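Visitor: Below is a structure I'd like to ask you about.
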């Protein structure tokens, strides 16, 4: 029996600040698009990837809320949480359900409302992906964690500072051609180096902008459904999650994202592929230092050499390993728990040949990776075009 | 028939002393001249040079914890042996919930302790010391921790704003045969004198201007000191050091002269010119500065004053053990030298007069 | 009001009270159920000296709720001399004077109010440059 899990529908809202739209509004739009893209199918189960709603919108139990609002009745529906990687983790759960045979067609929805709450209360909620008792209670936040890692990296390895800006500049260049991107203007090296500080040495262009958004994927274990839809056959070739110590201070070496190493290794093994066969890598650029450390942890460069790798490789859509092809978290925008589903949607567009000016020619295998916290949780998937 | 003369001195039935002492002064200093400038007063007519200001993350509890840790280091005893923690202050962070319990937990005191907070303006710390003397001196316990700590608030534009400062000291009281300084006797003189007070729910205290002089500070300090000396059969010359409560530089100097003490005797323990009036910490911190340099056999007279009003006079004699204990924790002079000058605006921010909402 | 969880962690926060593993002697902070080094059960209290050095630091320009009054503040990863690393604010030091490798010592300071000026006060460890250094 064919055990492939096919992606048969995708949908996404633009990423941005949508004061007038709720979680339900955004998720319904993405779901509607995905259902249309799938030529209408019957959904058995929905997995929601969301981080903030319970604390920032006072709304837990999103499964029934989103399903009911989208007109999906009598289905299995629940929320998956894994920090900022929630959306990617929801995809993982859908995959399990489909592979188990208990679910035939599953809907994955990543949705986030960053703008339901403003001010320092929101900053405190963002800190929930860290260790509350021993990081949050010292006034630590995600940007602070990234700031600590960046400062240590700069001190320990003495990289060229401009190397840290390579991906941000590329992300903005790619964002220009993504109609759903939050930022669609290219930036120069000058803009990067003179940007205001968020958490010294981290500046605003080292950080993905938190925003609202919803993206959806429909997957099926039914090969006939995939055949019926037609078009390129995209499958989830591999996937897993890995966990490291939650608090940054509990890592043996804070600059080593060991969960990334474990996760990417397992994914390549499962797909029976090598890193060199990846046609694109949607690396997690919530912070530029996270992308850099992920590149090192994936084995693309030795520890401390990632910065040089960034400067020496062409990562644009026509380059040797295209990254952040639709703008990444930096320019497409960073809707936290939904971002992992945006990555899967963008990878699907690439594999279908529908990525427009950002198309990676002949893309066959896409590596996508989401991080919860500073790689406390890592979720890696490989999507492949098989026909 | 002979009349038995009852001494007015308080003397414990078991000899006790200060087994360990410690101080804490925050690092920020506001020059009195900066205050004068803001209110359009003469920079020459200021009562002291500068005062110590607590940082944003400091309060009576945090300062008390460091002073207590220093005292325990010098005492060389395990905090688990303490049987009492008593903190005197007029700026306890809670109106209800003792600073003493938090300090006790932080320094590792056991659960079987006496604990409570004291208030008697600037003499709350020395009252705690007398209580500790009583607890150990009656053999109810071997070790007790007494603290005098304050983060005094000065009403903007008021005379007391120049001197209301932050700091404190802690003393581990224990058996005299382990003490760095024996406590020979205490004598307290207390009356109902309304020279300075703060009503509940008011942020700043009120004071009686010139009424705080003769009927208040001087009457109680000189009565307590002279009574103790008369009852002990001592004279000012018998003391190597005298430490008086120091709301400014003038009052303690005048009290010293009235009693017959020289400037030389009070110099070491007179810190208000450079750190201000640390209220319940004032004479206690002065005492720590004296202990930092006093030699075996030196006699010390310490006289606090708390508005409301009262004075505790304490008679001490330094032992041979003091010399080796001084080096076990930072000296008071080190805290004084640890100095970062701030301006009035920063002071207003640190003291919560400007809140970021 | 988060009283119970703050109360639960008081001893650890006030005085860096952690654990020592009775099997492999590793020093553990904060206290955990399982020793991170050998996997054995860890329960014996151990009081850290408070001495350590700055592994990394960053200056926060925005803060989570309850920490705004202290802005801007410096957060650091401090490697304690006994082995573990902690996340903590640095205090009593200007941000320009902080450097990686700087020796620091623990002090107990006021961390925040629990929610409002009516809430309980949370005290805990911060680090300052070693006095007298």
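The values are calculated or read from the model by the stated rules, or taken from the named source; none is laboratory data. Keep in mind that what you see is a predicted model, and the values were worked out from it rather than measured. Ideal geometry is used to build each Cβ from the backbone, glycine not excepted, and the neighbour counts take in all protein chains shown.
Visitor: Hey, could you check the stretch A:151-183 for residues that are closer than 24 Å to residue A:347 by Cβ and surrounded by fewer than 17 Cβ atoms within 10 Å (Cβ to Cβ) and say which is farthest from the other protein chains (Cβ to nearest Cβ)?
Guide: Taking the candidates together, the pick is A:179.
Visitor: Looking for something in a loop (DSSP other than H, G, I, E, B), in contact with a strand residue (DSSP E or B) (Cβ under 6 Å, 6 or more places away or on another chain) and within 21 Å of residue B:354 (Cα to Cα) - is there at least one such residue anywhere in the stretch C:94-112?
Guide: no
Visitor: Could I ask something else about it? Hey, which of the strands (runs of 3 or more DSSP E) in the stretch B:103-199, taking only ones fully inside, have at least 2 residues that are in contact (Cβ under 8 Å) with a residue 24 or more places away in the chain, under 25 Å from residue B:248 (Cβ atoms) and not assigned by TED's automatic domain parsing to the domain that holds residue B:23?
Guide: Those strands (runs of 3 or more DSSP E) span B:181-193.
Visitor: Residues of the stretch C:86-111 being within 11 Å of chain B (Cβ to nearest Cβ) and on the phi > 0 side of the Ramachandran plot, which ones?
Guide: Residue satisfying the conditions is C:92 alone.
Visitor: Of everything in the stretch C:47-63, what is part of a loop (DSSP other than H, G, I, E, B), touching a residue at least 12 places away in the same chain (Cβ under 8 Å) and either facing chain A (nearest Cβ under 7 Å) or surrounded by fewer than 19 Cβ atoms within 10 Å (Cβ to Cβ) (or both)? Give them in sequence order. Write out each step before concluding.
Guide: At the first step, the residues of the stretch C:47-63 found to be part of a loop (DSSP other than H, G, I, E, B) are C:48-50, C:61-63.
Cutting the leftovers down to touching a residue at least 12 places away in the same chain (Cβ under 8 Å) gives us C:48-50.
Residue satisfying the conditions is C:49 alone.
Visitor: Return the residue satisfying two criteria in turn: it lies in the stretch C:114-128 and is within 10 Å of chain B (Cβ to nearest Cβ) and surrounded by fewer than 21 Cβ atoms within 10 Å (Cβ to Cβ), and of such residues it is farthest from the chain's Cα centre (by Cα).
Guide: C:117
Visitor: State whether one or more residues within the stretch A:109-118 are under 23 Å from residue A:49 (Cα atoms), in a loop (DSSP other than H, G, I, E, B) and in contact (Cβ under 8 Å) with a residue 60 or more places away in the chain.
Guide: Scanning the stretch A:109-118 turns up at least one residue that is under 23 Å from residue A:49 (Cα atoms), in a loop (DSSP other than H, G, I, E, B) and in contact (Cβ under 8 Å) with a residue 60 or more places away in the chain.
Visitor: Here's something else I'd like to know. Taking the residues in the stretch A:106-127 that are within 14 Å of chain C (Cβ to nearest Cβ) and touching a strand residue (DSSP E or B) at 6+ places or on another chain (Cβ under 9 Å) as candidates, determine which candidate is modelled with the highest pLDDT. Don't jump to the end; show me each part of the working.
Guide: Initial filter on the stretch A:106-127 (within 14 Å of chain C (Cβ to nearest Cβ)): A:117-127.
Filter again for touching a strand residue (DSSP E or B) at 6+ places or on another chain (Cβ under 9 Å), leaving A:122, A:126.
Numbers: A:122: 93, A:126: 96.
Taking the candidates together, the pick is A:126.
Visitor: Select, from B:317, B:325, the only residue that is surrounded by 15 or more Cβ atoms within 10 Å (Cβ to Cβ) and either at pLDDT below 95 or in a helix (DSSP H, G or I) (or both).
Guide: B:325
Visitor: Turning to a different aspect of this structure: Tally up the residues in the stretch B:67-86 that are within 17 Å of the chain's Cα centre (by Cα) and within 14 Å of another protein chain (Cβ to nearest Cβ), please.
Guide: Applying the first criterion (within 17 Å of the chain's Cα centre (by Cα)) to the stretch B:67-86 yields B:67-71, B:85-86.
From the residues that got through so far, the ones that are within 14 Å of another protein chain (Cβ to nearest Cβ) too are B:67-70, B:85.
Result for the stretch B:67-86: 5.
Visitor: Hey, can you tell me all the residues within the stretch C:64-85 that are within 12 Å of chain A (Cβ to nearest Cβ) and assigned to a loop (DSSP other than H, G, I, E, B)?
Guide: C:64, C:65, C:66, C:67, C:71, C:72, C:83, C:84
Visitor: Further question on the same structure: Which residue is nearest to the other protein chains (Cβ to nearest Cβ), if the candidates are limited to the stretch C:1-29 and must be in a loop (DSSP other than H, G, I, E, B) and modelled with pLDDT under 90?
Guide: C:2
Visitor: Of everything in the stretch B:241-254, what is touching a helix residue (DSSP H, G or I) at 6+ places or on another chain (Cβ under 6 Å), surrounded by fewer than 24 Cβ atoms within 10 Å (Cβ to Cβ) and not in a loop (DSSP other than H, G, I, E, B)? Give them in sequence order.
Guide: B:251 - this is the single residue of the stretch B:241-254 that is touching a helix residue (DSSP H, G or I) at 6+ places or on another chain (Cβ under 6 Å), surrounded by fewer than 24 Cβ atoms within 10 Å (Cβ to Cβ) and not in a loop (DSSP other than H, G, I, E, B).
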